[in-house]
Amino acid sequence: MDLQTTSNIVLGALSFILAFISLVFLGVTLSQNKKMLENSTRPYITIYFDYTQMGAITGYFVIKNFGNSSAVIDKLTFNKSIKEHPTLASDLPGIFNGLVGNSIAPNQKFFAPFHFEDYPGGIAVFDIFYHSDKKKYSEHIEINIENYAKLVKPRLGTNEFKAISYPLHEIAERLM
């Protein structure tokens, strides 16, 4: 074989290898783009703890969809400390069990009132199972409630103005 034929064969083989590598990179890029698109549009349902202090401290478990699409809650499990929480203030197990089967829209949230004084102690553990379209998701959340009880917000005001000043403090803090 002459030099020109050999160089054409080598260049042809190199072109084929380069085209194959380009197709592999294209496939990887498309797969990553699909995952990024799904992650940016999927629901993200979680439970967190917050509280208000308008005189007495009142805690809330907040169930919120931080994602960009709606989802249906398939199952919500919680540990013994939530199951055994006294139902005088609110029926936490009843509220959480009532969410199962319901849809939760993006940025929608549900509140479950909680009183520190009645809490038996320990970490609150939640597992949420939900789906959107045909995709299934789950979240595992652990919340140390006792740490929140230590976060007392300072409040100013005399006894006669507490009914007005505490809610205004709370509103101002929420806007920050």
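Any read-out appearing in this document is the output of simple, stated calculations on the displayed coordinates, not a laboratory observation. From a predicted model like this one, the values you see are computed outputs, not experimental measurements. Neighbour counts run over all protein chains shown; Cβ positions are idealised from the backbone, glycine included.
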How large is the Kirkwood hydrodynamic radius of the chain, in angstrom, based on all distinct alpha carbon pairs?
20.5 Å
Just grab the label-to-label distance for residue 42 and residue 102, each label 7 Å out from Cα along the Cβ direction, in nm (one decimal).
2.4 nm
Taking the Cα atoms only, what angle lies between the long axis of helix 162-175 and the longest principal axis of the chain, rounded to 10 degrees?
0 degrees
Return the whole-Å distance between the Cα centroid of the range 102-140 and the Cα centroid of the range 14-78.
16 Å
Normalised contact order of the chain, rounded percent, pairs of Cα under 8 Å and 6 or more residues apart:
22 percent
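Run lengths n ≥ 4 of DSSP H only: what is the helix-derived mean residue ellipticity at 222 nm for the chain, with -39500 (n - 2.57) per run over all residues, to the nearest 500?
Rounded to the nearest 500, the figure is -13000 deg cm²/dmol.
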Pick out, from 78, 25, 52, the residue whose Cα sits farthest towards the positive end of the charge dipole of the chain, with +1 on the Cβ of Lys and Arg and -1 on the Cβ of Asp and Glu.
25
Mind pulling the angle between the C-alpha long axis of helix 3-41 and the longest principal axis of the chain? Nearest 10 degrees, somewhere in 0 to 90.
10 degrees
The FRET efficiency for residue 127 and residue 31, from their Cβ-Cβ distance with R0 = 30 Å and rounded to 0.05, is 0.55
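Using the number of other C-beta atoms within 10 angstrom as an exposure proxy, rank 37, 76 with the fewest first. Don't skip to the end; give the middle numbers.
On the way: 37 10, 76 20.
Ascending Cβ contact count within 10 Å gives the list 37, 76.
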Note down the magnitude of the dipole of the chain about its Cα centre, charges +1 on Lys and Arg C-beta and -1 on Asp and Glu C-beta and zero elsewhere, to the nearest 20 debye.
240 debye
Across 5 Å bins from the origin, how do the percents of Cα pairs in the range 1-41 run, short distances first?
5, 22, 12, 13, 11, 8, 10, 6, 6, 4, 3, 1
